[in-house]
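Working notes, beginning with the structure itself.
The values are calculated or read from the model by the stated rules, or taken from the named source; none is laboratory data. Only a predicted model underlies this, so the values are computations on that prediction, with no experimental measurement involved. All Cβ positions, even for glycine, are placed from backbone atoms using ideal geometry, and neighbour counts span all protein chains on display. These area figures cover heavy atoms from the full protein model, side chains too; ligands, DNA and RNA do not enter into them. Shrake-Rupley method; radii C 1.70, N 1.55, O 1.52, S 1.80 Å.
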Amino acid sequence: MENQVLTPHVYWAQRHRELYLRVELSDVQNPAISITENVLHFKAQGHGAKGDNVYEFHLEFLDLVKPEPVYKLTQRQVNITVQKKVSQWWERLTKQEKRPLFLAPDFDRWLDESDAEMELRAKEEERLNKLRLESQGSPETLTSLKKGYLFMYNFVQFLGFSWIFVNMTVRFFILGKESFYDTFHTSADMMYFCQMLSAVETINAAIGVTKSPLMPCFIQLCGRNFILFIIFGTMEEMQNKAVVFFVFYSWSAVEIFRYPFYMLSCLDMDWKVLTWLRYTLWIPLYPLGCLAEAVSVIQSIPVFNETGRFSFTLPYPVKIKVRFSFFLQIYLIMLFLGLYINFRHLYKQRRRRYGQKKKKVH
């Protein structure tokens, strides 16, 4: 009896230059895959949802593609790559607006257009960096030096923030709430060192040593250093407040997992527990840290008003006294705006790492 011709499950994703199709067929034999008149034709013997059969489908693409598909057979599926004739983002895969029932998004490879653009830029930067390294010397040597430098930076930061975290934790268990009020005097020197050293991360992002986006790094650097050096560092009245404990504790709690993650990345190692903590703990800790920073700013406003520090009077003929507390109130708004930017960046990182349920798309 002749085998019935059936349609397999097909999943798709795209980049600006390419289309990816994943055909859910195992043990495929004699695949016939071609593109004629912008239509992909697929026919193969394999094991799919309806058992061993001949499976077949046709897809007319939304826009022009190159007529040479590249495919790779694995034990469980067929992976097909199709090159677009023009590098651009498609709103859907097929010319027909209604999505075929057998076609669905490949969420393992799916990216939004903005994410794909970031990936495209990252690949271009990687290509340019590779060309620059090849012109300057041995790529292997320079890569090893770069990894060694990044490993040592992350290791030093890990030691610094670990010292702060352990010191504060031990003092809390021994002294209880009393430890809140001398946090600055026992931990400030190490926090000064770590936060000044963190400027290296922004520089690395700016010159391309790391692929981290510059803006989130810069926002975190400026925000933390403003709290540390201006709010706490210049006002002795703020140094004995309990809020210092919560600010320092939230900062160090995030970093004692973030820096070891980057250390292992330099060694091309991935410890799943640490990776999950790095991409998850920020969800409660960043808002709590932001709230603690906001409380410290609010508590400092009457102190700055009373002392008049950093306040000034505009020159004649205006002669209006501008209190520093006015800028602190503006900073409070910027603080939560910065939290939104960093939260959005970290959320996108976590989504790329662990995936997310997507809306149905063509």
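Along the charge dipole of the chain, Cβ charges K/R +1 and D/E -1, which of Gln75, Phe165, Ile219 sits furthest on the positive end? It is Ile219. For region 158-302, the extents of the C-alpha atoms along the principal axes are 46, 32, 25 Å, listed from largest to smallest. A simple spin-label model places pseudo-atoms 7 Å from Cα toward Cβ; at Met118 and Ala206 they are separated by 2.2 nm. Report the calculated FRET efficiency for Leu175 and Ser311 (r = Cβ-Cβ distance, R0 = 45 Å), to the nearest 0.05. Using R0 = 45 Å, I get an efficiency of 0.80.
Take the convex hull of the alpha carbons in region 1-125; its mean projected area over all directions comes to 8.2 nm².
Amide H contacts for Glu18 (H built 1.01 Å from N in the peptide plane; partners 5 or more residues away or on another chain; cut-off under 5 Å): Lys84.
The distance linking region 1-69 with region 154-169 is 54 Å (Cα centroid to Cα centroid, whole angstrom). So for region 219-362, taking the charge dipole from beta-carbon charges (+1 Lys/Arg, -1 Asp/Glu), which of Leu277, Val254, Val318 sits furthest toward the positive end? Projecting each Cα onto the dipole axis, the largest value belongs to Leu277.
Computed over all pairs of different Cα atoms, the Kirkwood value for the hydrodynamic radius of region 73-113 is 12.8 Å. Take the convex hull of the alpha carbons in region 230-362; its mean projected area over all directions comes to 13.1 nm². Computed per residue of the chain from DSSP H runs no shorter than four, each worth -39500 (n - 2.57), the mean residue ellipticity at 222 nm is -18000 deg cm²/dmol. Model label sites at Phe155 and Leu111, defined 7 Å from Cα along the beta-carbon direction, differ in position by 3.3 nm. Normalised per residue, the accessible area of the chain is 58 Å², obtained with a 1.4 Å probe and no contribution from ligands, DNA or RNA. Across the chain, the longest piece that holds none of the trypsin sites (Lys or Arg not before Pro) lying in DSSP loops with up to 10 other C-beta atoms within 10 Å covers 99-318.
Here region 189-264 is described by how far its Cα atoms reach on the three principal axes: 41, 22, 18 Å, from widest to narrowest. A simple charge model with +1 on the Cβ of Lys and Arg, -1 on the Cβ of Asp and Glu and nothing else charged puts the dipole of the chain at about 480 debye relative to its Cα centre. Tell me which chymotrypsin sites (Phe, Trp or Tyr not before Pro) from region 269-311 have a DSSP coil assignment and no more than 16 other beta carbons within 10 Å of their own. Loop-located and lightly packed - Trp271, Phe310. Grouping the Cα pair distances of region 148-241 into 10 Å bins from zero gives a pair-distance distribution of 15, 39, 31, 13, 1 percent in increasing distance order. Overall, the accessible surface of the chain at a probe of 1.4 angstrom is composed of carbon and sulfur to the extent of 60 percent. The C-alpha atoms of the chain occupy a region whose extents along the principal axes are 92, 53, 47 Å, arranged from largest to smallest. For region 216-231, the Karplus equation 6.51 cos²θ - 1.76 cosθ + 1.60, evaluated at θ = phi - 60°, returns couplings of x, 4, 5, 4, 5, 4, 5, x, 5, 5, 5, 5, 5, 8, 8, 5 Hz by residue, with Gly and Pro reported as x. For the Cα trace of region 288-355, dividing Rg by the Kirkwood Rh returns an Rg/Rh value of 1.23.
The fraction of all Cα pairs in region 78-179 landing in successive 5 Å bins from 0 to the largest distance is 2, 8, 9, 11, 10, 9, 10, 9, 8, 9, 7, 4, 3, 1, 0, given as whole percents. Toward the positive end of the charge dipole of the chain, with +1 on the Cβ of Lys and Arg and -1 on the Cβ of Asp and Glu, the farthest Cα among Gly46, Phe336, His9 is that of Phe336.
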